[in-house]
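S.K.: Sharing a structure here in structure tokens format.
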Amino acid sequence: MAQAVKGVVMVVEAVFEKFELKKEIFTKLDALCPPAVILASNTSTLSITSIAAVTKHPDRVIGTHYFSPVPAMRLVEVIRGKETSDATANKTVEICRKFGKTPIVVKNIPGFIVNRFL
């Protein structure tokens, strides 16, 4: 993991929806990445605030919920946690746009927007 995150601007975690596993990953990423690196979760159900709480830098944690199939679907929900900074949110939106996605910033509520509608 240390080699994989060397020199990155943003890390996107995309493991299955088990909080304990995400907690373990974010704890490791928080220790490995400099504070300027954005830590994003591709969760579709878990609270970004709860995920961020296991880090020492919750201001840099954000959700990026991509839709399947990721190469074909342009929409990405960008989810701010309680402590996600404006800089983190703005940079995440910018990064998503650079690789051809249409980001929408949504609240950290169960199901975010799309899953709530479904």
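The values are calculated or read from the model by the stated rules, or taken from the named source; none is laboratory data. All values derive from a computational prediction rather than experimental measurement. Here the Cβ positions follow ideal geometry from the backbone for every residue, glycine too, while neighbour counts run over all protein chains shown.
S.K.: Which condition does Thr45 not pass, out of (1) under 23 Å from Phe16 (Cβ atoms); (2) buried (at least 17 other Cβ atoms within 10 Å of the Cβ); (3) more than 11 Å from the chain's Cα centre (by Cα), if it passes all the others?
M.R.: Condition (2) is where Thr45 drops out.
S.K.: Right, another one. Name the single residue, out of those in region 49-70 being at pLDDT 90 or above, of a type in the set (A, V, I, L, M) and closer than 25 Å to Gly7 by Cβ, that is nearest to the chain's Cα centre (by Cα).
M.R.: Ile62
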